[in-house]
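Worksheet for the structure shown next.
The values are calculated or read from the model by the stated rules, or taken from the named source; none is laboratory data. In this text, all values refer to a predicted model and were calculated from it rather than measured experimentally. Neighbour counts run over all protein chains shown; Cβ positions are idealised from the backbone, glycine included.
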Amino acid sequence: MALIKFFRLYVLVLLLMCGITPAASVPLSISNQPVYLGSMADPNIIFTIDDSGSMGWELMPDSLSSSISRTSFPTAWRWNRRDVYDDYFDPASTNVNKMRSVAVNTIYYDPTVRYLPWANSDGSFMANADPACAHYDPMNPNNSTCVDFTVQASVCRGDCTNVNIWPATYYDHNGGSINSTANYTHVEIKPAVTSYTGSADRGDCASAPTCTYAEEVQNFANWFQYYRSRLMLAKASV
């Protein structure tokens, strides 16, 4: 037994003489990456947005595209063309009712939602849309056609006769078949109507859930300028 203790002491002295310290006293450094990886790539994020043609559609879901217009408003150049009333504004049209009801077209204007402008890179918000000139393209306002939601617009029927309409409009679905116009209530946002039903979440309405004409037409203009298409909605969420 004494011989074993002597041998251990002898080995320890030799180690110390050679400048080798016991392993327990050596600081241990453990790698944060697997030993089989020679190098690590810098962290990176790739952010992509679908820019296919269907992202310009102003309706969801896709199943609606076979029966109604893929845009809820005529393109900037089409306002003076024939059939604009029939395709976009005729209250007697089932397709118009469906297209302009959030219960069917889930990205159309929803009066229970407050539509804020897009956020800037510093976290601040872009300016509210001008209800008298809401732009088709908020990123290019100087060269973008705009829509005046504060006055009536004159649009053409299929037979080229003109009809005056209020362009800020939507339909409440009251239940039942979505293919019957009898199951919708048509709401026009116009100065003659002084109050509108929103929701408690409408922080832009001083007396929420009731909103004034000015509050409602502003919210509609913001929706049009910043949210009306799939791509605009995706950009707004970033």
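Taken over region 187-222, residues that are over 16 Å from residue 116 (Cα atoms), touching a residue at least 40 places away in the same chain (Cβ under 8 Å) and in contact with a helix residue (DSSP H, G or I) (Cβ under 8 Å, 6 or more places away or on another chain) amount to 3.
For (1) without any contact (Cβ under 8 Å) to a residue 12 or more places away in the chain; (2) among the hydrophobic types (A, V, I, L, M, F, W, C), each residue gets a yes or a no:
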site	(1), (2)
142	yes, no
152	no, no
155	no, yes
161	yes, no
167	no, no
173	no, no
181	no, no
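The residues in region 46-85 that are assigned to a loop (DSSP other than H, G, I, E, B), over 25 Å from residue 158 (Cβ atoms) and not small (Gly, Ala, Ser) can be counted, and the count is 8. Across region 128-155, the number of residues qualifying as modelled with pLDDT of 95 or more, of a type in the set (A, V, I, L, M, F, W, C) and not in a strand (DSSP E or B) comes to 4.
If the condition is being more than 20 Å from residue 221 (Cα to Cα), surrounded by fewer than 20 Cβ atoms within 10 Å (Cβ to Cβ), more than 20 Å from the chain's Cα centre (by Cα) and not polar (S, T, N, Q), then region 58-89 contributes 81, 82, 83, 86.
Scanning region 194-219 for residues that are touching a strand residue (DSSP E or B) at 6+ places or on another chain (Cβ under 8 Å) and hydrophobic (A, V, I, L, M, F, W, C), we see that the one that is surrounded by the fewest Cβ atoms within 10 Å (Cβ to Cβ) is 206. Every condition in (1) assigned to a helix (DSSP H, G or I); (2) within 18 Å of residue 108 (Cα to Cα) holds for residue 214 except the one numbered (2). Being farther than 17 Å from residue 228 by Cβ and of a type in the set (Ser, Thr, Tyr) holds for only one residue in 67, 72, 101, 54, and it is 67.
Step by step: first the residues of region 223-238, then only those that are among the small types (Gly, Ala, Ser) and either free of Cβ contacts under 8 Å to residues at least 12 places away in the same chain or not in a helix (DSSP H, G or I) (or both), then the one that is surrounded by the fewest Cβ atoms within 10 Å (Cβ to Cβ). Which residue is that? First the steps, then the outcome.
Just the residues of region 223-238 that are among the small types (Gly, Ala, Ser), to begin with: 229, 234, 236-237.
Subsequent filtering for residues that are either free of Cβ contacts under 8 Å to residues at least 12 places away in the same chain or not in a helix (DSSP H, G or I) (or both) retains 229, 237.
Numbers: 229: 23, 237: 10.
Taking the candidates together, the pick is 237.
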